[in-house]
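Asker: Just dropping this structure here.
Just so you know, all these numbers are worked out from the coordinates, no wet-lab data involved. Note that this is a predicted model, so its numbers are computed, not measured. FYI the Cβ positions are ideal-geometry reconstructions off the backbone, even for glycines, and counts take in every protein chain you see.
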Amino acid sequence: MIEINPSPIQTIRFRGRSFWIKRDDLLHPILNGNKARKFHTLLHTPSHLYRRIISHGSIQSNALYALSYLTKQKGWHFDYYVKTIPKFLKCNPHGNYLYALRNGARIIENQSLPEVLQEGDCFVPEGGAMKASEEGIAQLAQEIKDQMGEENPIIFLPSGTGTTAYYLQKHLPYEVVTTPLVGDEAYLLEQFRALEGKKRLPTILESQKKYYFGKLYREFVEIWVELRQTTKLTFDLLYDPKGWLVLTAHLPRFEGRSILYLHQGGLSGNESLLKRYKREFDEDFI
Ligand SMILES: *Cc1c(COP(=O)(O)O)cnc(C)c1O
């Protein structure tokens with residue numbers, strides 16, 4: 001059985017200011033970050049209840065790798081639906097895609113999800129955007145409350161589906177602040193509402209420049225390198241760069257408040273992104 005223990009909080013200094021970092025990247029070598037939180041319930045489901053997990057999403061997603069590992073531990077089959085597998089990746093498998101294959105994931109391209117589930121099937125929506133993710137995120141909220149004591153910090157995290165931000169806000173007395181990576185503010189609000197709606201919602205901040213999810217931007221890799229050099233911490237290269245750009249751009253708004261940045265793990269995704277950055281800018285960033 002995989003044991004997930006509370007993750008530590010540490011302080012860093014970045015651009016002349018200090019930040020608390022909740023190190024969910026340290027939860028476990030593979031099952032870490034918000035995927036470990038979201039799949040907590042699945043991890044604690046008795047093996048005999050399911051035979052197969054069915055999910056879908058992008059080909060290099062952290063959820064793909066996390067689920068492939070989890071299903072392997074459980075002895076469940078794992079079918080993962082993607083639009084298409086890029087040719088270069090098929091010829092040269094690497095990153096989360098490769099690790100998921102090694103864990104026995106069946107990656108299915110160009111097919112729609114099965115319309116009817118069979119007995120023993122469990123469907124996991126893209127990125128774990130589901131009610132079942134609440135329990136693990138509520139546990140994260142409890143850890144943060146226990147660790148922060150009398151502090152009243154702002155909790156900052158970048159969002160994909162917004163599931164982590166939404167349930168954190170539901171279970172925390174502090175203000176949760178996020179920025180959307182996929183789509184805009186309207187999309188993220190829709191995601192929040194699809195989970196439950198009506199509850200107190202996280203604050204959404206935007207960048208001035210419009211960024212497209214999964215695209216490469218020089219300022220993304222630059223702030224990622226700067227963080228790595230000045231804090232000695234490695235962040236995720238897909239979500240965290242926009243997270244830090246937006247957070248640092250809005251700092252005057254948080255004058256006098258302490259800020260806790262949630263490190264959501266996902267470092268296994270950096271391998272394929274670094275390869276893409278190297279090809280795009282013809283430069284080694286580490
Ligand atoms: C999945 C993931 C996210 C997005 O989480 P949501 O709950 O979908 O908003 C952010 N950062 C990292 C590192 C992730 O792996």
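Asker: Please go through the stretch 140-165 and give me each residue that is touching a strand residue (DSSP E or B) at 6+ places or on another chain (Cβ under 9 Å) and near the ligand (Cβ under 8 Å from one of its atoms), ordered by number.
Answerer: Once the filter is applied, which keeps residues that are touching a strand residue (DSSP E or B) at 6+ places or on another chain (Cβ under 9 Å) and near the ligand (Cβ under 8 Å from one of its atoms), the stretch 140-165 yields L157, P158, S159, G160, G162, T164, A165.
Asker: Now, a different point. Select, from L201, L216, the only residue that is away from the ligand (no atom under 16 Å from the Cβ), in a loop (DSSP other than H, G, I, E, B) and surrounded by 13 or more Cβ atoms within 10 Å (Cβ to Cβ).
Answerer: L216
Asker: Let me ask you something else. Can you name the condition, by its number, that E222 falls short on among (1) part of a helix (DSSP H, G or I); (2) closer than 17 Å to R17 by Cβ?
Answerer: (2)
Asker: I'd like the residue in the stretch 46-64 that is assigned to a strand (DSSP E or B) and not basic (K, R) and, out of all such residues, is nearest to K215 (Cα to Cα). Write out each step before concluding.
Answerer: Kept after step one, since they are assigned to a strand (DSSP E or B), are these residues of the stretch 46-64: 52-56.
Filter once more, keeping what is not basic (K, R): 53-56.
Numbers: I53: 29, I54: 27, S55: 23, H56: 20 Å.
Result: H56.
Asker: Can we say H94 is surrounded by fewer than 14 Cβ atoms within 10 Å (Cβ to Cβ) and either basic (K, R) or in contact with a Lys or Arg (Cβ under 8 Å, 6 or more places away or on another chain) (or both)?
Answerer: Numbers: surrounded by fewer than 14 Cβ atoms within 10 Å (Cβ to Cβ): yes; either basic (K, R) or in contact with a Lys or Arg (Cβ under 8 Å, 6 or more places away or on another chain) (or both): yes.
Yes, satisfied.
Asker: Now a separate question. How many residues, within the stretch 225-242, are more than 12 Å from the ligand (Cβ to nearest atom), in a helix (DSSP H, G or I) and surrounded by 13 or more Cβ atoms within 10 Å (Cβ to Cβ)?
Answerer: Step one: list which residues in the stretch 225-242 are more than 12 Å from the ligand (Cβ to nearest atom), which gives 225-233.
Going one step further and asking which of them are in a helix (DSSP H, G or I), we end up with 225-231.
Cutting the leftovers down to surrounded by 13 or more Cβ atoms within 10 Å (Cβ to Cβ) gives us 225-228, 231.
Qualifying residue count for the region: 5.
Asker: Do any residues in the stretch 110-139 that are at positive phi and touching a residue at least 40 places away in the same chain (Cβ under 8 Å) have Cβ atoms under 8 Å from those of residues that are away from the ligand (no atom under 14 Å from the Cβ) and of a type in the set (K, R), where the two are at least six apart or on different chains, and which pairs are they?
Answerer: Going by the 8 Å Cβ cut-off, the qualifying pairs are G120/R51; G120/R52.
Yes or no, residue by residue, for (1) among the hydrophobic types (A, V, I, L, M, F, W, C); (2) in a helix (DSSP H, G or I); (3) more than 13 Å from the ligand (Cβ to nearest atom); (4) under 22 Å from Q142 (Cα atoms):
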| position | (1), (2), (3), (4) |
| --- | --- |
| Y167 | no, yes, no, yes |
| T178 | no, no, no, yes |
| W244 | yes, yes, no, no |
| P252 | no, yes, yes, no |
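Asker: Right, another one. Could you please find all residues in the stretch 2-45 being in contact (Cβ under 8 Å) with a residue 60 or more places away in the chain, among the aliphatic types (A, V, I, L, M) and part of a loop (DSSP other than H, G, I, E, B)?
Answerer: I2, L27, I30
Asker: Can you name the condition, by its number, that L67 falls short on among (1) within 14 Å of the ligand (Cβ to nearest atom); (2) in a helix (DSSP H, G or I); (3) within 27 Å of F19 (Cβ to Cβ)?
Answerer: All conditions pass for L67, except number (3).
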